[in-house]
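Right, one structure below, let's go through it.
The values are calculated or read from the model by the stated rules, or taken from the named source; none is laboratory data. Bear in mind that the values here come from a model prediction, so they are computed numbers and not experimental data. Cβ placement follows ideal geometry from the backbone for every residue including glycine, while neighbour counts extend to all protein chains displayed. In case anyone asks, the SASA skips ligands and DNA or RNA and just uses the protein heavy atoms, side chains included. Shrake-Rupley method; radii C 1.70, N 1.55, O 1.52, S 1.80 Å.
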Amino acid sequence: MKKYIKMLLATCLVATLGSCTLGVQEQFDFKGETYSEEDPFANITAWDYIQTRKSNAIRDAQGRFKLVSNTSVLGASGDELDFMIAAIKKVGYEDLYNQTETTSRTYLLLNNNAFTGNNDRDIIKSIRGAQLADNSTVNPDTYFDNWTPEQLNLLKAVLKYHIVTDFVAQKPTIPTYDVYVLFKTLLPKVVTDGAGLPVSLSEDKAAISFSRDVDARSTLKVNESGSPLPETANTAGWDENVRRHNYVFSNGIGHYLNESVRYQPYSLYNNFTIE
């Protein structure tokens, strides 16, 4: 009996050793899901991108949709760019957003909320003195057609101040949360006299400040209170947090703003032609 058990164990051992002589398995080459860190808009200009950001709001036969609150439009987010698209076209600034001479531009994208509403920083009220009434119907594509030359001139000033002549991202452009970094915009400064009255346009361009929020350090702040800018730029609630960051284009980078910002009151530009 013991001899039989020994033979059985020996047979099992041989079988086990034999199994180890099988060919080596082919190496398994694991390939994870493809992930791309490329910027999705890097091959188009800022203007190409801006034109895609029209709301899907329900429109009537005249292309109008209803404003249902101070900050949004029916069926669409106030983050869309319907009014900015129409403003750029009306003043003929397409080339500023479509230029390919440099990639060192930052485009502050003024969403629908930045144009409508009852805040003095809302572009329509700040220029015309009155907001678009709640529940009114409007076609942004034709809205600026009845603006006066003076009003359109101020609209040019607003748009030019929101184009920065450097590429500004949170990192590494703004190194830490306690630093204010100044850049130039495309808008000339206004030279004023001792009484603060406008005298002429300066050869120098108006500055703009970027910093990072102390609590949410990935958030960019524009013209934050305390930055080395004139009082008109960074007090009285004229600072603004960037709403959506880092849209990289072939000719620069874009950030969304929910309100406009300024260096000097735009009313100072009333008597000067903005090219």
Of K54/K156; K54/K189; K54/K205; K125/K171; K171/K205; K66/K184, which sit over 29 Å apart, Cα to Cα? K54/K189; K54/K205; K125/K171; K66/K184
Measure off, as a whole percent, the carbon and sulfur share of the 1.4 Å-probe accessible area of region 104-199, all protein chains present. 49 percent
Local net charge near E150, Cβ-Cβ under 12 Å (Lys/Arg +1, Asp/Glu -1): +2
Taking K221 as the anchor, which aspartates and glutamates have their alpha carbon closer than 20 Å to its alpha carbon, excluding any fewer than eight residues away along the same chain? D79, D120, D122, D166, D178, D213, E231, D239, E240, E259
Using only the Cα atoms, work out Rg/Rh for region 119-265, with Rh taken as the Kirkwood radius, to two decimals. 0.98
Over region 76-206, with neighbouring protein chains present, the accessible area per residue in Å² at probe 1.4 Å is 42 Å²
Taking a 1.4 Å probe, which of H255, H245 shows the most accessible area, and what order do the others take after it? H245, H255
